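What follows is a short report on a single structure.
The values are calculated or read from the model by the stated rules, or taken from the named source; none is laboratory data. For clarity, every value in this text was computed on a predicted model and none was experimentally measured. Here the Cβ positions follow ideal geometry from the backbone for every residue, glycine too, while neighbour counts run over all protein chains shown. Each accessible area value is taken on the protein alone, full model and side chains, heavy atoms only, with ligands, DNA and RNA left out. Shrake-Rupley method; radii C 1.70, N 1.55, O 1.52, S 1.80 Å.
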Amino acid sequence: MVQADTKRRLGYALLSLFMAVAIWEFVAVAVVQNKYLLPSFTDVFAAFLSILSLGQIYRDLWTSLIHFGIGMSLSLLIGLPLGVCMGWFWRANYLLNPIVEILRPIPPLALIPFAIVWLGLTSFSAGFVVFVGAVFPIIINTYAGFSTVPKVFVDVGKVLGCTSDLRQIRYIAFPAAMPHLVSGFRVACGTAWMCLVGAEMFGVSRFGLGQKIWWYYNLHQMDKVMVYILILGFVGLAFDTLCRWYISKKLLKWKVGEVS
Amino acid sequence: MGAVSIHHVSKRFKMDDGSEFTALSDISFEIAEDEFVSFVGPSGCGKTTLLRIIAGLDCATEGKVFVDNTEIVKPGPLVGMVFQEYSLFPWLNALDNIAFGQKMKGISKEKRHSDAMKYVELVGLAGFERSYPYELSGGMRQRVAIARALANNPDLLIMDEPFGALDAQTRNMMQRELLDIWEKQKKTILFVTHSVDEAVYLSDRIVVLAHAPGRISDIVQVTVPRPRDRTDPEFASFRKHVLTMIESMA
C-alpha cells in the first residue's frame, strides 16, 4: 500500500518535471526565440556540460559552502545561547527582546557596505551577511521552544532531582524544544542561502555560485546564469532533504508525523 | 518510612485586583507509615495545591509539612509524584523515562537501566521498555509514570488523578495493580481523585475537602476488608456516605 503510493508519487513527480521542461523548451524556442531573454532547456544543458568540463564549478560550490558554513556556524554559536537565555530567564528576555525586535526587520543585504568596510572583500564579509540573515530565525525559534516547555515536564524533573537551571535546560528544555530548534535551523538555512547569493554578487571573492551569476550576466551569457540559478536550487533542495531525513530518523523519531 | 505530618498549612494567592484568595485554610492531619490516603472534594477545593505543597513544588503561605520528620521546603528524594496524563518525557523511551531520576543522581547507564528493568517488570511492561510514549496506550503510559516515580525509591508517593483520563475498564485494572504494587513496595500513598468510587476502593482513609476556602471537611476510615468488592453493600454505603458529603457542599 505504502509502496504503491510512493511509486505513484514518483511517477507524478517525473511527469510534472517532464512537462515543465517541455513547456520551457517550447516557449523558449517557439515563442521567445531569443537566447538572451530566455535560453532554452537544451541551451542551458549544453552550457551546464561546458561549465562542468571547465571544472571551476567545484571551486564555486566549495567557496559558497564556506560562506554558508561561516554564516551558519556563527549564527548557531550566537543565536542558540541567546535564544535559550531569552526563553528560559525572563530577565534576559526583557533585556534582549527590544534589541532583537529592532534589529530583526533590517534586511541583511542592507549591511553589505558595512560588511565590506569592516571585513574587506573576504569570505568573512560574505559569511557576516549570511550570519545576519540566519541568526534571527534561530533566536526566535529557540526562544519559542524554550519559553513553551510544558510546565509538567519541569515539575516532573524537579521531583526526580533535576533542580538546577543548567540541568533543566540540558535534560528537559533542550529535548522538549527540539522541534522548534529544528524548524528554526531549516528556516535559517533558507534565509542563509538567499543572503549568500546577494553577498557574493558584490564580489567578495572570485568564486561562488552567486558571484558566477553576476559574472556571467556581465558577459551576457544568460544560459550560464541559468545553470547557476538551477544549481543553487538543487543544492538547496539536496541540503534540505538531507536535513529532513536526519531530523525524522534521528532527532525527532519520538515525534512521529511532526516533520513534513 | 513515609509518615507525613501536615501542620496548619494555609495557602493564599494574591489576585490581580490586589485582593487575596485563600486556597487552603489551616489544614492539619497526620498520615501513618504505609498508609493509603485519598483526597476527594469538589473542584476548586485545593486538592492539587495541597499535593504540590507536600511535594515541595509550591510553598505554603503558613504552616509546615514533614515527611519522616524532615521538613519539605523543596522537591526531594523523599517524595515521588505521579502526575495526570502526558507527564512522560516524549523524547525518552519507557526505560529512559523510568531511569531519569537515577540519571540525575549520576548513576551509570548500565546500573540504572538494570534497576529500571525491575520496575518495568513490576508494572507489567516487560517487552515495551524500548517503546516511546506515543507508542503506548494511556494505561501503559501511566504504568511507566508510576514506575518512574517508584524507581527513585521515595518514602511517600503522591498521585494526582493518575487514572482520570483512562477508560473505565483500564481504570479498574490499574487500581487493582496499584494495590498490588503498594503491597509489594510498602509506600505511603497520597492519592487525589474525582472519583469517590476509586477512593473507597483504594484507600485506608479518605480525606474529604470542602472549598472556598479549601479545608478538611471530614476524614473517613474505610473499614471494608481488602480485596474490596464494589457490589458489596458495605462498600456501597461508604460510597454513598462520602458522595452525600460532597454533594451537600455544592
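Please verify whether the stretch A:104-125 includes one or more residues that are within 14 Å of chain B (Cβ to nearest Cβ), surrounded by fewer than 21 Cβ atoms within 10 Å (Cβ to Cβ) and on the phi > 0 side of the Ramachandran plot. Among the residues of the stretch A:104-125, not one is within 14 Å of chain B (Cβ to nearest Cβ), surrounded by fewer than 21 Cβ atoms within 10 Å (Cβ to Cβ) and on the phi > 0 side of the Ramachandran plot, which makes the answer no. What residue, among those in the stretch B:60-89 that are part of a loop (DSSP other than H, G, I, E, B) and more than 13 Å from chain A (Cβ to nearest Cβ), is surrounded by the most Cβ atoms within 10 Å (Cβ to Cβ)? Here the residue is B:ALA60. Residue count for the stretch B:38-53 under the criterion of being within 14 Å of another protein chain (Cβ to nearest Cβ) and surrounded by fewer than 22 Cβ atoms within 10 Å (Cβ to Cβ): the result is 3. Considering the stretch A:136-184, the residues that are within 8 Å of chain B (Cβ to nearest Cβ) and assigned to a loop (DSSP other than H, G, I, E, B) include one that is nearest to B:GLU85 (Cα to Cα), namely A:PRO150.
Please tell me if A:LEU160 is more than 16 Å from the chain's Cα centre (by Cα), buried (at least 18 other Cβ atoms within 10 Å of the Cβ) and at pLDDT below 90. Against the criterion (more than 16 Å from the chain's Cα centre (by Cα), buried (at least 18 other Cβ atoms within 10 Å of the Cβ) and at pLDDT below 90), A:LEU160 does not qualify. Is the stretch B:159-172 home to any residue that is of a type outside the set (Ser, Thr, Tyr), assigned to a helix (DSSP H, G or I) and surrounded by 23 or more Cβ atoms within 10 Å (Cβ to Cβ)? No; the residues of the stretch B:159-172 include none that is of a type outside the set (Ser, Thr, Tyr), assigned to a helix (DSSP H, G or I) and surrounded by 23 or more Cβ atoms within 10 Å (Cβ to Cβ).
What do you reckon, is A:VAL129 within 14 Å of chain B (Cβ to nearest Cβ) and either more than 30 Å from the chain's Cα centre (by Cα) or assigned to a helix (DSSP H, G or I) (or both)? It is false that A:VAL129 is within 14 Å of chain B (Cβ to nearest Cβ) and either more than 30 Å from the chain's Cα centre (by Cα) or assigned to a helix (DSSP H, G or I) (or both).
Working only within the stretch A:177-216, note down all residues that are free of Cβ contacts under 8 Å to residues at least 60 places away in the same chain, open to solvent by less than 30 Å² (accessible area, probe 1.4 Å) and touching a Phe, Trp or Tyr at 6+ places or on another chain (Cβ under 6 Å). Residue satisfying the conditions is A:ILE213 alone.
Residues in the stretch B:226-242 that are open to solvent by 70 Å² or more (accessible area, probe 1.4 Å), modelled with pLDDT of 90 or more and under 15 Å from B:ILE206 (Cβ atoms): B:GLU234, B:LYS240, B:HIS241. Of all the listed residues (B:LYS111, B:LYS103), the sole one being more than 13 Å from every other protein chain (Cβ to nearest Cβ) and either assigned to a strand (DSSP E or B) or out of contact with any Ser or Thr (no Cβ under 6 Å at 6 or more places or on another chain) (or both) is B:LYS111. Every listed requirement among (1) within 21 Å of A:HIS180 (Cβ to Cβ); (2) under 24 Å from the mean Cα position of the chain (by Cα) is met by A:TYR94 save one, (2).
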